[in-house]
Each structure stands twice: as structure tokens, then as C-alpha cells.
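Okay, so here's the structure we're looking at.
The values are calculated or read from the model by the stated rules, or taken from the named source; none is laboratory data. Note that the structure is a prediction, hence the values are computed from the model and not measured. Glycine also receives a Cβ, built like all others from the backbone with ideal geometry; neighbour counts cover every protein chain displayed. Protein only, heavy atoms only, side chains kept; ligands, DNA and RNA dropped before computing areas. Shrake-Rupley method; radii C 1.70, N 1.55, O 1.52, S 1.80 Å.
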Amino acid sequence: MRTPLGGFGTSLGDAALLQTPLHKFHVENGAKMVEFAGWEMPMVYSGIIEEHHQVRTSGGLFDVSHMGRVKVTGRHARRFLERLCTRKIADMDAGQCRYSLVCNEAGGVRDDVIVYRMDDDDFLVVVNAANRAKLLAHFDRVRSAGDLAVKIDDQTERTAMVALQGPKVIPLIARISTEVPTLKRYRFAVKNLLVMKLIVSRTGYTGEDGVEVILPATFVGMAMGLLLKDANPKDPNSPVRPAGLGARDTLRMEAGMPLYGHELGEDVSALSCGVDFAISLDKDQGERGEAFIGMDALKRTRDAGGPPRTLVGLDVEGKRSARQGMKLSIGGKEVGVVTSGCPSPTLGRCIAMAFLDRALTAPGTAVQVDTGRGMLEAKVAKLPFYKAPKA
Amino acid sequence: MPSPADRVYSETHEWHKTEGSSLTLGLSRFAVDALTDITYVQMKPKGTRVKAGDVIGEVESVKTTSDVYCAVDGEIAEVNPALESDPGLLNSDPFGKGWLVKINVTNPAGLAKLAKAEAYDAAHPA
């Protein structure tokens with residue numbers, strides 16, 4: 001085989017890797033550990049497909065401690081974040097989180113983030129692991145350039161973060177908290193549990209209902225005991241079982257969610273990646289309006305009719321999957337490129353996401369995928385491929 | 001678990017087991033674990049003439065697509081029919097029921113370059 005370790009996550013080399021506070025938990029639960037963005041992370045425990053179904057039908061627990069958690073506080077914290085984020089911060093309530101992009105001057109994507117508003121001048125920004133160092137440097141530059149009174153505190157390695165996702169997660173949490181099940185999507189609560197402070201948000205990256213929990217690294221053992229109350233991860237009938245990065249990737253693809261390095265990147269226009277809801281090109285208007293970095297470039301792109309290619313879903317015929325980098329064509333003319341693809345465990349067929357020439361993005365449009373060893377037939381599909389049934 | 005000692009291993013993670021002029025080829029445990037859940041296997045059909053170093057098929061997993069190479073000259077005599085309905089056999093029993101193809105060997109010279117189980121396992125710890 002040419003690339004047995006292809007895709008994201010290679011086997012462990014000699015490099016010094018960061019370990020999350022849940023490392024022992026992974027090892028005890030038989031995880032296959034891989035390198036991911038400088039961290040040693042669980043790729044899979046029992047099997048990617050099994051873990052995928054576990055999340056769709058019951059509940060999965062993901063360690064997402066590798067993601068960066070950066071506290072932003074101070075008199076100018078809001079203005080600072082307005083300059084960084086493509087979405088308005090001013091109208092966020094305390095207790096609300098918001099998905100946003102952070103762009104470069106050209107309107108390309110530096111990262112996608114979730115901003116938590118703790119208080120007027122108190123925020124937490126969750127960033128991708130692979131972009132943490134880059135963003136911290138960017139934050140520092142923006143603060144200095146604007147002479148802003150902002151304190152930036154990278155709390156990543158002092159805290160842990162786990163995602164509990166699936167239809168049985170909220171009913172389980174209802175047994176230990178009355179407040180958390182009442183949270184609306186993208187709202188969070190700060191819970192004092194015994195001696196530890198937890199941030200519990202109704203967010204996730206799987207297309208299922210659930211929560212993400214941020215907690216002090218030192219209390220991980222205790223918290224896992226509480227979160228997994230009555231749920232033994234090793235028991236195949238347990239309502240919540242651990243799930244790895246492999247399942248996280250197939251789940252987010254079905255849910256049509258972009259991933260940095262695939263659908264998002266510095267050279268990808270923010271307007272092309274299917275998250276227009278998170279880009280407010282008029283956020284400099286009105287009271288407390290503030291432009292974001294990259295806004296002028298994106299306005300020019302919009303005024304020119306939009307980016308040349310935009311993100312679409314693809315239903316791929318047959319059992320062979322389209323993969324990142326494969327070219328799309330119609331009648332021999334190149335019209336796009338695949339960004340992600342997999343055999344979908346829930347749908348039982350191959351799905352993919354791709355950038356496609358703007359004029360060709362109508363659902364049902366037939367395109368060919370060049371695998372390098374033959375062509376696959378595919379049709380443009382609406383994103384997401386999967387939506388959780390209403391509870 | 002150590003890889004079986006009755007066969008030799010390529011750098012691209014295929015095992016080759018010789019019985020007379022017939023050779024059975026599959027993927028190592030290390031390889032199938034790295035691929036994760038295998039969803040589809042497409043090998044070249046029976047009767048295909050192959051040379052050492054040729055790509056003789058592809059395996060598709062949830063995570064990635066990989067080529068399969070062979071290290072001998074010969075002709076594909078049989079493709080494992082069980083993998084069509086149950087490609088997961090590659091994950092559950094890579095050294096047994098998950099074999100990929102049998103080859104009638106015309107030139108086994110390429111096998112001399114392959115590693116014994118012990119050396120392979122030392123180079124690719126689980």
C-alpha cells in the first residue's frame with residue numbers, strides 16, 4: 001500500500017507530543033492514539049463506524065482538549081474581538097456563544113472559532129488546535145496595532161474540553177442538572193460542581209444535540225466520573241461511549257460542517273465555504289459598529305458577484321469514495337476540487353464536499369470525480385447530508 | 001500480537017505467503033489498523049498478469065483510499081470472494097480470512113527483498 005497512514009492523523013513518531021488530561025482514559029479504553037496538530041489524540045477505540053452509529057443513536061464522548069481555549073478580557077476586549085471576528089460581538093448576551101471566522105486581510109480564513117461571552121469584558125475563544133500558535137501571534141499583533149487594553153490568556157493546557165454528543169446525552173444530563181437541559185443551542189452555563197467550575201455549552205460538531213464541557217485539567221478524573229455516571233464506556237450497551245477523531249470527521253461531514261485544512265484555509269475566500277451566516281459585511285454600521293480584518297476584501301468579492309467557486313455537497317455513485325484534492329470535471333473541463341469525502345456510515349453511500357464553479361452549483365448537476373485511477377460519477381447535493389430528527 | 005512468521009512483509013505493508021508456486025497476499029495488522037474500518041476492496045480480476053511493484057488493487061476505508069502492491073511476477077489466480085460482502089474481514093482477520101488475492105508465481109525474485117515477521121514488527125510497532 002502506498003499510504004496506509006494517509007488522511008489526517010499519522011502514527012506516533014518520536015516528536016514530543018502534548019497529551020491531554022484525558023490521556024489515561026484513552027489508554028484505559030483501548031484507543032489507537034495518533035499525532036494530530038502536535039497532540040497525541042485517540043483516532044478510534046472500537047471502530048470508526050461503530051462509534052459513528054453510537055453518536056447518531058445514543059451518545060458519544062469526545063476529547064477535544066487539543067482545541068485552543070484563549071481567554072480575552074479587559075476594557076477593549078469586545079472591540080478587539082470585533083476586529084478579529086466576521087460576526088458581530090456587540091449584540092451577544094452573557095451566556096451566549098457564537099460561531100465565527102477569523103480572516104486575513106485578503107478575506108481568506110485564518111481559522112473558525114467559537115466565542116463565548118462570559119460578561120461585558122470577558123470572553124473565551126475556542127480555536128482549532130492546528131491554528132492556536134498562529135492565532136495567538138495574530139491576536140498579539142492586533143492588540144498592539146490597535147493599542148487595545150486587552151489581556152490574552154491561553155488556558156489550553158490548564159483546562160480540558162470534552163464533547164458529549166447524541167440523542168441520549170441531554171436526558172442523561174437531566175439526571176444531574178436541571179439547568180443544562182433548558183439551555184438553548186449556542187447558550188452556555190457556568191456550573192459550580194463541588195469544587196470545580198465547569199462551562200457547559202449546548203454546542204457541538206456532529207449534527208447531534210449535546211454539550212461541550214470545559215473544565216480544569218486537574219479535575220478531569222472526577223468530572224468524568226460525574227459525566228459518565230451509570231455509563232461504563234467499556235460496556236457496549238452503555239448510553240455514552242468514547243468516540244475518536246475518526247468518527248468526529250465522518251459525523252461532521254454528514255452534518256456538512258467545514259473543517260480547517262479541508263473546506264477552510266488562508267487561501268480560501270470566507271465567502272466560498274458555505275458559512276455566509278457567520279459573515280456580517282455590514283457589522284461596521286450602526287452604533288458600536290466595527291469593521292473586521294478582511295472585510296474590505298470580502299466586500300469587493302461580493303460586489304464582483306461572489307467568489308468563483310463555492311462549497312457544495314456531492315452524492316458519489318458506487319462504493320469508491322471521493323477524497324480531498326481530487327479534481328471535478330464536466331465533459332473534460334475542470335470545474336472544481338474535492339475538499340473532504342467518505343463512505344457515509346449513516347447514509348450507506350459515499351458523500352463528499354467540494355468547491356465547484358459558482359454557475360454549476362444547482363443540486364442535481366452531474367460532475368465527474370477523477371480519482372487518479374478512473375472517474376466516479378457524482379451529483380451536486382444540498383448540505384447538510386444529515387439532519388438530526390427533531391426530538 | 002506478533003505477525004505470523006510463515007510469510008514475508010513488504011515496506012508497503014503487504015504480506016506474501018508462499019505455498020509451492022502459489023502465493024497468497026494480504027495486508028498486515030499494522031496496515032489495517034492504520035486504515036481503520038475498511039468499507040470496500042477492489043482487486044484486479046482473476047487472470048491479470050502482474051509484475052513485481054505493480055498496483056494490484058485498492059482498499060477503501062472510512063478514512064482513506066490506499067493502493068495494494070505485489071512483490072512478485074505472476075498471474076492473479078483468485079480474488080477473495082468473501083471480501084465483496086464483508087470487507088471488514090480485513091480488519092478482523094487480516095492474516096487469515098481477510099486475504100486479498102492468490103497469485104500463480106512466475107518469478108519470485110522480489111520476495112528476497114521482503115522482511116521476516118520479526119524485522120517487520122520491529123520496524124512497525126503496534
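All told, residue A:229 meets the bar of being of a type in the set (D, E, K, R) and either outside any strand (DSSP E or B) or not assigned by TED's automatic domain parsing to the domain that holds residue A:23 (or both). Quick check on this structure: which one of A:191, A:197 is farther than 24 Å from residue A:52 by Cβ, in contact with a helix residue (DSSP H, G or I) (Cβ under 8 Å, 6 or more places away or on another chain), open to solvent by 30 Å² or more (accessible area, probe 1.4 Å) and more than 14 Å from every other protein chain (Cβ to nearest Cβ)? Testing whether each residue is farther than 24 Å from residue A:52 by Cβ, in contact with a helix residue (DSSP H, G or I) (Cβ under 8 Å, 6 or more places away or on another chain), open to solvent by 30 Å² or more (accessible area, probe 1.4 Å) and more than 14 Å from every other protein chain (Cβ to nearest Cβ) leaves just A:191.
Among the conditions (1) assigned to a loop (DSSP other than H, G, I, E, B); (2) open to solvent by 60 Å² or more (accessible area, probe 1.4 Å), the only one that residue A:222 does not satisfy is (1). Taking region A:152-177 as the range and being within 21 Å of residue A:128 (Cα to Cα) and open to solvent by 50 Å² or more (accessible area, probe 1.4 Å) as the test, the residues that pass are A:157, A:158. In region A:278-305, which residue that is assigned to a loop (DSSP other than H, G, I, E, B) and of a type in the set (D, E, K, R) is most open to solvent (accessible area, probe 1.4 Å)? Top of the filtered list is A:287.
How do the strands (runs of 3 or more DSSP E) wholly within region A:316-391 filter down when requiring 1 or more residues that are away from every other protein chain (no Cβ under 14 Å), of a type in the set (D, E, K, R) and open to solvent by 50 Å² or more (accessible area, probe 1.4 Å): which remain? Quick ask: steps written out before the conclusion?
On the way: elements: A:327-330, A:333-343, A:350-357, A:366-370, A:375-381.
Ranges flagged: A:327-330, A:333-343, A:375-381.
Scan region A:25-80 residue by residue and report those that are open to solvent by 10 Å² or more (accessible area, probe 1.4 Å) and assigned to a helix (DSSP H, G or I). If the condition is that a residue be open to solvent by 10 Å² or more (accessible area, probe 1.4 Å) and assigned to a helix (DSSP H, G or I), then A:25, A:27, A:28, A:49, A:50, A:53, A:54, A:56, A:57, A:78, A:79 are the ones that fit.
Here is a list: A:131, A:104. Which entry is assigned by TED's automatic domain parsing to the domain that holds residue A:190 and within 14 Å of the chain's Cα centre (by Cα)?
On inspection, the qualifying residue turns out to be A:131.
The residues of region B:26-44 that are aromatic (Phe, Trp, Tyr) and more than 7 Å from every other protein chain (Cβ to nearest Cβ) amount to a single one, B:30.
Specify which of the listed residues (A:126, A:180) is open to solvent by less than 20 Å² (accessible area, probe 1.4 Å) and at pLDDT 95 or above. Answer to the selection: A:126.
Take the residues of region B:21-72 that are within 21 Å of residue A:349 (Cβ to Cβ) and among the β-branched types (Val, Ile, Thr): which is farthest from the chain's Cα centre (by Cα)?
Let us first name the residues in region B:21-72 that are within 21 Å of residue A:349 (Cβ to Cβ), namely B:35-42, B:58-66.
Restricting the remaining residues to those that are among the β-branched types (Val, Ile, Thr) gives B:36, B:38-39, B:41, B:59, B:62, B:64-65.
Details: B:36: 16, B:38: 14, B:39: 16, B:41: 12, B:59: 11, B:62: 19, B:64: 17, B:65: 15 Å.
Looking at the filtered set, the residue picked out is B:62.
Out of A:275, A:240, I need the residue that is more than 17 Å from the chain's Cα centre (by Cα) and assigned by TED's automatic domain parsing to the domain that holds residue A:64. Which one? Walk me through it before giving the result.
Details: A:275 fails: more than 17 Å from the chain's Cα centre (by Cα).
Exactly one residue qualifies, and that residue is A:240.
Scan region B:11-28 residue by residue and report those that are part of a loop (DSSP other than H, G, I, E, B) and open to solvent by 10 Å² or more (accessible area, probe 1.4 Å). Correct list: B:11, B:12, B:13, B:20, B:21. Here residue A:248 fits the description: among the basic types (Lys, Arg) and within 14 Å of another protein chain (Cβ to nearest Cβ).
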